[in-house]
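Some notes on the structure that comes next.
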Amino acid sequence: MINLASSILILAGLFFYLAGSIGLLRLPDLYTRLHALTKADNLGLGLLAAGLALHSQHLLTSLKLLLIWLAVLAASATSAHLIARQARRQETRR
Amino acid sequence: MTDAMIGLVALPLTGAVATLLLPRSATVVAIGAGLATTIAAALLLFGVANQGALHYEMGGWSTGLGITLRADGLSALLLMMTSLVALAASVYASAYFSAASERARFWPLWLLLWTSLNALFLSGDLFNLYVTLELLGLSAVALATLGGKRAAAEAALRYLLVGLLGSMLFLAGVSLIYAGYGTLDLATLPRVVEPGPIAWTALAMMTTGLLLKTALFPLHFWLPPAHASAPAPVSAVLSALVVKAAFYLVLRLWLDVFANVVTPVAANLLGLLGACAVLWGSWRALQAERLKLLAAWSTVAQLGYLFLFFPLLLALPPGPTRDLAAGGLVMLALTHGFAKAGLFLAIGVIQQRCGHDTIRDLDGTAQHLPATTFAIALAGVALIGLPPSGAFLGKWQLLAGAVETGQWLWLVVTATGSLLAAAYIFRVLGHAFGHQPYPNQPVTVAREEWPALLLTAMAALVLGLGGAPVWKLLEIGT
Amino acid sequence: MNTTNLLVFDGLLLFSIVGLAWASLATTDERRSVILFMAFGLVLAVAWGRLLAPDVALAEAAIGAGLSGALLLAAVRKQSPGSSHTHANPDRNYSESGAKVVLQWLVTLLCAALAGTLAWALLHALSSAPHDTLPRAISDNLVASGVSNPVTAVLLNFRAYDTLLELAVLLTAVLGIFSLGQTTPGYQPAGPVFDGLVRWLVPVLILTAGYLLWVGAHAPGGAFQAGATLAAAGVVLRLTGRSRIGLPDGFVLRIIMAAGVGVFLLVGLTLLLLGRPFLGYPPAWAGALILLIETAAMLSIAATLLLAFVGGQPQSTAVNAAANRQREENSRC
Amino acid sequence: MLTAQVLYGLTACVIVALGLRGALLHASLLQRVVAINVMGAGVFMLLIAVAYRGPGLPPDPLPHALVLTGIVVAVSATALALALARRLHAEQDND
């Protein structure tokens, strides 16, 4: 039962990763690419972490996985913001 | 006596930390640390002479698990030379750097360089050798940049990149050795290595890396600009000791560790490259317009002579003739170390007192700076290989070995190289003793001139006349 | 996981490693090259994990990819993106000439020959049974080493002398950087989002550094990983425009720089005076002495890496503010 | 012979060669530094591959320690090289 649930979560996570990567390659400009990358990948990582957490034997491991997700969430949100802001500035300057 | 080995590494390293923390009294601290290190080197030399080869297990862990320091006749001699040259250069440097900020930057790096040289000559472990090589390379580069000029920074950067490439090749060879034989200990390896793909490839990579660092033709391109644009005391140590450290490792690997792996063909290749270095280096030295560049190109040539010994040593069967030839090699290396260090210090004096080192404009230097000119002449005696210099004994053994093994080519190369050396030295002396009347009074500055004089006298007189113990010491192998 | 799956994973991992290395060296755009190199480092860290080398994986991610990348990126920043091709590299003008093409092919052939020879020798080395004398000696002596993580035992006890010289290498590098005296200009103050992230990230990083240092005795971690993490805290502080980044001034800074080598030497020489071998810790004290040395080493490493990133002594705030105004044009955040 | 050892070992050889090629051919100083670092990573990979003993078996810790030392030495050298390059560029800009 747990195995099935965690497999579904991991597969779903991988799907979002795939979508994010395709978006990065196919979308027309920087903003939409950023959108695809951060939104889809953050969700993908979250699902992946949840799937792995179900698998783990110890609560501590699950907490660590949660921590990883939160750290990546904060970092990717901030970096997406920085990249977008810098791009906007360059545009207005031009 | 084994504590002397620890002292040789720990004393200059402690000195480096102390000079960093106490920049105001850095000179005193550094000279003190240098003196103590020299005493440790002398103690070690006596120890090896009396008790034979010594070793010290770091941390008390058995060889293999821990790192073992080793000293035999060869390393004790090179350590002694290192200490004497570095001490003399230190005394000179205390007068050379006038600004307090310059001194504060110079001394810690200088003592780190000294530490790395001692650590390298003592190391008995392949990976530890890699670390000492990197310490040596980085400290040498950092010191070379103290020249301050753009040319110095450019040369130093190229020196650094070449050195890094050399270290990486060396480390790749070391990794292969560990993969194949499961040990890094230099004394264990000769018992386990056997000719085959692993040993050949590893030796080829390590040797290539070291040849880059020792600047054997055609890998010498980085040396002349780097050595010629560094501050004089740094140039002295770079030319006399730093390139020789890499050469020492080649010698150690080829004659000790991989003795049953090397082939005469490979040794002939090294000899051939050495021959090219002798001819090309001497020729470029003859063309040089600046004294420092002349000295740097002469280093390329003099290192070439050392490699001429390889085909001889491989062709000679073990026995007294081979020992004589090996002694000649070491004698040549020692003489060049003292002579070239002295030469660079003397050039430094000229550069600071006359404001330039252009050979064409040296007229009257002999009247202005008699002691320094005499030092240059003494260095010249040693670089040409005239009696009674140590180089004469060395080259004599080189010629004897060439005749013995019927390898006439090396004989021709040695003769041509010596003639070219005579030409470039007399070109300098011809200008220095030129008949231009020089208006100024002769100058003598003890702290600046004595180090060069002592070093060159060591090369031209002491080693040649009292060099017999060198051969005795070399019989003490690991 | 079964072997086939693992093989597929290995294949993908190695493919991306070689691909990233190739891509990072094939481009002539310096910024792209550096970013690809950082990605290369991160994928390498995964490979180290796969080969059961977690200590190395941590160090690679923190130092190899992280701080080396930051250093390299800071070096790129000096040139505007367009100019890096033209004026900085005059020797690139002959790129189309025939001699250059011949040279490129010669070097490529040489390197291919090197790869082949190396591979040939390596296969020979791997074909015999692995040499287990040394690993066994390490595990046999682990109890006496004072720590239970074998990598830390090798680094700080069995081969402590290597580590002492390695700290000397770090000290040399930072002294060399100091003597060049070229401080990179600071960054302008960051906006609220980045600043907000840094405000809680820095304490977490400092806490992580302490944890890594402590845990190194029995699990992956240690002074190097901890030092790099601490340095990372300083790097992000600098990126938000703070100039002091936690580094002290003058004498105290010099003490921190020298602490790694100094404490190491002090311990080694004290033991020598007490009649033990140089760096030969008594087993009962080994754990404490290693922790002492590692703490000093961590501070030195962090300070050194930070100073390397700054490029010299940190500038005073006034100078920094002026530099910031000048750099308004090229600001990144 | 372990498949993983061979796979990672052979990749390491390729990376060493790639790095060497870049270090010899690149005109840009910065990229030469990157190339030397890539070459170093190849050497480290060689060591780590040699240390690997198979799944579930403890690897040889010695090469791991050597690589850790190597990484720190490499970053020191990189830092010094970049500082030198920065100095050169600064002087170039002043000319």
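Rule-based calculations on the coordinates, nothing more; no lab input. Fair warning: this is a prediction, and the values are worked out from it, not measured in the lab. Note that we place each Cβ from the backbone using ideal geometry, even for glycine, and neighbour counts take in every protein chain shown.
A few points about this structure:
- Excluding same-chain neighbours fewer than eight residues apart, the aspartates and glutamates reachable from B:Lys472 by a Cα-Cα span under 19 Å are B:Asp72, B:Asp256, B:Asp323.
- The value obtained for the stretch C:148-333, namely the Cα convex hull volume divided by the number of residues, is 114 Å³ per residue.
- Rounded if a/c under 1.5, otherwise prolate or oblate - the protein assembly as shown, Cα gyration tensor axes: prolate
- Based on every Cα atom in the stretch B:272-478, Rg and the maximum pairwise Cα distance Dmax equal 17.6, 61 Å.
- Shape category assigned to chain C from the gyration tensor of Cα positions, a/c cut at 1.5: oblate
- Within straight-line cross-link reach of A:Lys64, aspartates and glutamates at Cα separation under 20 Å, skipping those fewer than 8 residues along the same chain: A:Asp41, C:Asp55
- Classified by the C-alpha gyration tensor, the stretch A:2-93 has an oblate form. Its axis ratio a/c, with a ≥ b ≥ c, is 1.5 or above, and a/b does not exceed b/c.
- Per-residue average of Cβ from other chains inside 10 Å of C:143-152: 2
- Calculated FRET value between A:Leu14 and B:Leu269, using beta carbons and R₀ = 56 Å, to 0.05: 0.50
- Both radii come from the Cα set of the stretch B:239-363: Rg as radius of gyration, Rh as Kirkwood radius; their ratio Rg/Rh reads 1.07.
- 222 nm mean residue ellipticity, helices alone, for the protein assembly as shown (DSSP H n ≥ 4; -39,500 (n - 2.57); rounded to 500): -25500 deg cm²/dmol
- Shielding value for C:49-58 is 6, the average number of Cβ atoms from other chains within 10 Å of each residue's Cβ.
- Orientation-averaged projection of chain D equals 6.7 nm² [convex hull of Cα atoms, one quarter of hull surface area].
- Once each of the GluC sites (Glu not before Pro) sitting in a DSSP loop with at most 15 other beta-carbon atoms within 10 Å is removed, chain B keeps B:1-288 as its longest stretch.
- In this rough spin-label picture, where each label sits 7 Å from Cα along the Cβ direction, the B:Arg24-C:Thr270 distance is 2.8 nm.
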